[in-house]
Amino acid sequence: MKKVLFTAIFATVLVGFASCKQQSKSEASSESIEVNAIDAAHNSMNSVNWQGTYTGTTPCADCEGIQTTLTLNESTYVLETVYLGKSNEVYKTEGKFVWNEEGSRITLDNEKTNGFNTQFRVGENVVWQLDSEGKQIEGELAEMYMLRK
């Protein structure tokens, strides 16, 4: 009799834990959906304090690195670059930039950047220089394309 009673209690407890676990998974799934949902009303353009000066040293094929300074104002930019180990000359371009439709990236006007499609993804106190197709640069040097405020 004790064995039957013990088995029944054990089975009841086991079923109870299993149903709690199922409910927790279900609740966690719905929570992650809410957290991962994209809020179209908030983006880098309207939710981040993006105006200011960003600096960093980006990779260079034939020098020690490119010291890069990007200053963003209302709709204008100043981009200054120095090719380290080659010259102390500062190459400076100024112009306007535009935001993409999602409000997450800016493109510097091509006329001032020698026809290059110079784009940056904008984050909180950081911009990432993108490749010529507007994609995030990946690989072991990816972090070097980050300019910090």
remark   = Final fewest-first order of Asp131, Asp109 on the 10 Å Cβ neighbour count is Asp131, Asp109
task = Could you give me the radius of gyration and the Dmax of region 53-149, taking only the C-alpha atoms into account and expressing both in angstrom?
result = 12.8, 39
message = Between Val48 and Glu74, what is 0.36 nm times their sequence separation minus the Cα-Cα distance? Round to one decimal in nm.
response = 8.0 nm
message = In region 82-100, whose amide N lies under 13 Å from the spot 7 Å out along Cα-to-Cβ of Thr55? List them in ranges.
response = 82
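I need the calculated FRET efficiency for the pair Glu64 and Asn100, taking r as the beta carbon distance and R₀ as 35 Å, to the nearest 0.05.
FRET efficiency, Glu64 to Asn100: 0.60.
Laboratory data are not the source of any read-out in this text; all were calculated from the coordinates shown. Keep in mind it's a predicted model, so treat the numbers as computed, not measured. Don't worry about glycine lacking a Cβ; one is built from the backbone with ideal geometry, like all the others, and counts go over all protein chains shown.
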